[in-house]
Structure formats: C-alpha cells, structure tokens
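Report on the following structure.
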Amino acid sequence: MSFLPMLPVVILGSMVMVTTAAAAASSHPHPLDPLSAAEITAVRAAVLASPLVPARPLHFHYVGLDEPDKPDVLAFAYGTAGSPSRRRPLLPRRALVIARAG
C-alpha cells in the first residue's frame, strides 16, 4: 500500500477592508464592536472573489475584527482636540481571516 505525501496546509491571513451601510450611518458604531452578520457576509464574498485565493474548497477557520490602533480608538472615543462640535473620525472596519484552501 503506497502513501501519498502529505500536502501542505495553506493558511491565508488576509485583511479585508469592509465598508458597510452600518459604518456609513450617522450613528457611528464603536470601533471595537464585533463584526455584524452583514460584515461577515461581505468578508466572505470578498475573500471568495479574490484572485489570490484560487484553490477550492475554502474552509474558514476564523473571521473577526482586526482591531484599529489604540490612538485611533482614543481619538474616536474622546474626539479630536479643538472644538467639541467636531465630528468623531469614522474608522475603517477591517476583518482578519484565517482560512484553509484545498
């Protein structure tokens, strides 16, 4: 009985920018809120549409928030220096994806 050599496991660490209607809404979500169901769906679609992921099937092991830098979160929480009427900065939502292909 012959054994085939073990194929290497491919792990993709991808950061995907996710822009959703919720992030663009007038009420800013907190930058550390977990990804919503709509954002997770958008991340999955973006990963599957990427030309960098040619192998199928693709198994998602982790999809979560890629947290923004602390100074950006503090600027969001306390606003920027100057007039208190200034709007909070809208931070981009990024996802961290770990998937196995093939």
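The values are calculated or read from the model by the stated rules, or taken from the named source; none is laboratory data. In this text the structure is predicted, and so the values were computed from the model without any measurement. Cβ placement follows ideal geometry from the backbone for every residue including glycine, while neighbour counts extend to all protein chains displayed. In case anyone asks, the SASA skips ligands and DNA or RNA and just uses the protein heavy atoms, side chains included. Shrake-Rupley method; radii C 1.70, N 1.55, O 1.52, S 1.80 Å.
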Of the candidates ALA49, ALA42, the one satisfying the condition of being free of Cβ contacts under 8 Å to residues at least 40 places away in the same chain and either open to solvent by less than 70 Å² (accessible area, probe 1.4 Å) or in contact with a helix residue (DSSP H, G or I) (Cβ under 8 Å, 6 or more places away or on another chain) (or both) is ALA42
Restricting segment 62-76 to residues that are in contact (Cβ under 8 Å) with a residue 40 or more places away in the chain and either more than 10 Å from the chain's Cα centre (by Cα) or assigned to a helix (DSSP H, G or I) (or both), the one surrounded by the most Cβ atoms within 10 Å (Cβ to Cβ) turns out to be PHE76
